[in-house]
Every structure is written in C-alpha cells, then in structure tokens.
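Input: a single structure, listed below in structure tokens.
The values are calculated or read from the model by the stated rules, or taken from the named source; none is laboratory data. Keep in mind that what you see is a predicted model, and the values were worked out from it rather than measured. Glycine also receives a Cβ, built like all others from the backbone with ideal geometry; neighbour counts cover every protein chain displayed. Heavy atoms of the whole protein, side chains included, go into the accessibility calculation; ligands, DNA and RNA do not. Shrake-Rupley method; radii C 1.70, N 1.55, O 1.52, S 1.80 Å.
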Amino acid sequence: MSQFPSRDGCLLVGGVPLPLLSARAGGTPFYAYDRGLIADRIAGLKDALPEAVHLHYAIKANPMPAVVDYISARTNGLDVASLGELQLAMDTGIEPDHISFAGPGKTDMELRAATACGVIVNAESEGEIERLAAIGNELGIRPALSIRVNPDFELKSSGMKMGGGAKPFGIDAERIPAALKKVESLDLDWRGFHIFSGSQNLRQEAIIEAQKKTLDLACRLADHASTPLRWLNMGGGFGIPYFPGDTRLDLKPISEHLFELTGILKRRLPEATPVIELGRYLVGESGIYVCEVVDRKESRGEIFLVTNGGLHHHLAASGNFGQVIRKNYPVAIGTRMNESRTETVNIVGPLCTPLDIIAAKVDLPRARTGDLIVVFQSGAYGLSASPQYFLSHPAIREMLV
Ligand SMILES: *Cc1c(COP(=O)(O)O)cnc(C)c1O
C-alpha cells in the first residue's frame, strides 16, 4: 500500500525496515502502527473540518494504550464503551468532560465508575437513565448524560448499520420526548444527543445524507427539551478502503456540507458543540500485521504459505469479522517488495481450522521460509477484535513506531 515506502526490498514503518522491526519486537508475529501516519490523518481531518466540529476517537478501533495516548493529544475527546476503555481514556489525562461512554447494557458498576469519573454517559435506554440518576444520588454527584437516539433512518451502504429499525442501541426517536421528560424529572445534567447510524462507509453522499438527517432529527427532538441542547454527537462512519474496487473517501464534499451544517446548527441550536466520532478512519490505515512464513507446501497444484500468524491475531483479515463474502485484505511479502515476478499462493495460519486464511489465491513474489508477510489496513479492529486464546499460541506484541 502506498502509505508505506520500502527500501532495498524491505517495507519501512516509520523509516524502520521490517527485519529490524521484527528484531525490536522479539520476533514475529507483531502489529506495528506508524505514528506519523496517524498524525497526518488527524491533521488532514482538522484542516478539512470546520473548527467548531469536535473530533473524537472511538477507542474500540484500537485500544493499545500508546495509541490512545498519542491520539488523545491530537483530538478533542475520546469515546469509550466499557470500564476498561474508560480507564484507558482517564489514564491519558484528558478532561473527563471530553470523554463519552456509550454501549448497551452498561452495568451499575460501569455507571458508577462513569459518574465518579465525571464523563458523559450516552444512555442507551430508559432503564439506564433511571439507574444513572439513582447512582448519582448515591454518590452525591449530578451525572452528565446524553441520550443515544436510535434514529428513524438508516445510513445507506454502510458496512455495519447501527441505527434505524429495531436495534439494541439507543432509544427510538419517537420515544425521546418521553425520555426527556423522565430525564428532567430526575437529578441529571442533560447535555444532548448521540446519534450514530453506522460505520465503514465509503460513499460521501451517504455520509452527507446521514449527517443532514441527524441534524434535522436533533433539532426536532431538542424542541421537546426545556433546556438548550449543548452537545450533539453526530456519529462518524468514515470508512477506509480494504478491498479491490474500494475507493478512498473524498473529504471535500463532506467538509463543505459540514460547514453548511455548522451554520444551521449555530442558528437553530446555538449552544450545541457538534462532535464527530471516528475509529478506523484515524488508525486503520496506519497499521500493519506481520507474520512469518514457517512452511511452504503444495497441495494438488496450489501453493500454501503457512505462517506463524492467523485469525487468532487478526480475525478481520481472515474474513470472519462481519464479512458476508470473504475477500482478501491487501497483503505483501514485506521482505521482497522489489520483486516483480509473481506466483499465485494461499497464505494460511497455523490453526487447525479451514477458517484460518490470511489471503486466498493472491499473486505475490515467490516467498520462502523466513520471509515476512504483511497485512495492510490493520490498524483498527485487529488484535483486540481477535480470539487470541484460540489454540493457545503465544501472545503477540504491538508497537507504535
Ligand atoms: C464502533 C463505534 C465507532 C467507531 O466506528 P469506526 O467504524 O471504527 O469509525 C464510533 N461510534 C460508536 C458508537 C461505535 O460503536
């Protein structure tokens, strides 16, 4: 992939050749994230977005503490969805008021921790609102709360839909007026709404449409509140290209539209801070997964490169994390970047399951035992979204380079 240059046939991450990185890691397999690429991505976004729009990082995309720390210093806030993520966010030292806590099924323990930290809780149900108020009373703290709305529209052509129809996320839009009444009857510091309709979208028109509908909905619902809306998390959904034919998102029309929206917001909800929360768009393209060819074998005319890494570290690349039809992530032989003669191979992991495929029938330079396989677009939903303990192979290392 173009974001990683190479020298003398070896891929470079942050200017460091792959074999040296491997030595630093204590060997393969490992994940490496390029901090320069993360910084560039965030800087590009900040240039494109209106200044009034706050940029948040959704930690679940990549919760490596060094990555979270690095990003927190460059964004306006962090979004968390568990006690563990909350603690990671608090450890960065950012203002608790710039942390929001979403996710269905928050336990009393999590609500208590969120209240004690002073972060904004995105309530996902009427029950959560009541439990949060009771916990606030118990701790003598007035909890900050935003209501997650399950919108009455869907984000079109999104990889994962998280709003519209019947969903475990948020409170249905039509029930928000009643939920606001409940909030106002309790001792809660209502800030606004969280409206997240989906993720991994590569169509700027779909994102623009969702943002427009989100603002319309927020304005309509805010009319039912007796205090002004101060906070509007409009979700994100910015996708990254993974597969052949995927085209990079064009930020320009999204940016132009956001300038228009912030104008409308200023008139209609003048006290509201708009927030965009992004995960994979900030980190996905900065990361690679690296494993090593352990065996090269042939079976009935096909070549198999068997590696020491697989779905236990990178479930998404194996096609088992939300893909309907399995497609290959972009891969390379990271130690043979300047060889142009190729052969067709299957790259598989060491697990005793036919699901453990890294790439099927790809054309790559001829690799031998000891060569390093690189899986690109692996900075998000990699290690933390994988069943590391399956088959009891050793744990792997992550590096921010
Ligand atoms: C997962 C999630 C995100 C991040 O999604 P990406 O596709 O990684 O940008 C943002 N907001 C919420 C509420 C999420 O659950």
Right, K212: open to solvent by 30 Å² or more (accessible area, probe 1.4 Å) and within 28 Å of A178 (Cα to Cα) or not? yes
Counting only strands (runs of 3 or more DSSP E) wholly inside region 260-345, the ones holding at least 3 residues that are open to solvent by 60 Å² or more (accessible area, probe 1.4 Å) and in contact (Cβ under 8 Å) with a residue 60 or more places away in the chain are 287-299
Is it the case, given these coordinates, that A206 is among the hydrophobic types (A, V, I, L, M, F, W, C), open to solvent by less than 40 Å² (accessible area, probe 1.4 Å), at negative phi and touching a helix residue (DSSP H, G or I) at 6+ places or on another chain (Cβ under 8 Å)? no
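To keep it simple, each residue is scored yes or no on (1) touching a Lys or Arg at 6+ places or on another chain (Cβ under 6 Å); (2) open to solvent by 30 Å² or more (accessible area, probe 1.4 Å).
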position	(1), (2)
P29	no, no
I42	yes, no
K46	no, yes
L49	no, no
A61	yes, no
S82	no, yes
D97	no, yes
N122	yes, no
Return the only residue of I129, I176, I147, I141 being β-branched (V, I, T) and under 23 Å from the mean Cα position of the chain (by Cα). I147
Which one is farthest from the chain's Cα centre (by Cα), of the residues in region 324-341 that are at pLDDT 95 or above and of a type in the set (A, V, I, L, M, F, W, C)? M337
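Residue by residue, here is whether (1) over 20 Å from the mean Cα position of the chain (by Cα); (2) at pLDDT below 95 holds:
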| site | (1), (2) |
| --- | --- |
| Q3 | no, yes |
| L12 | yes, no |
| V16 | yes, no |
| L45 | no, no |
| H54 | no, no |
| M109 | yes, no |
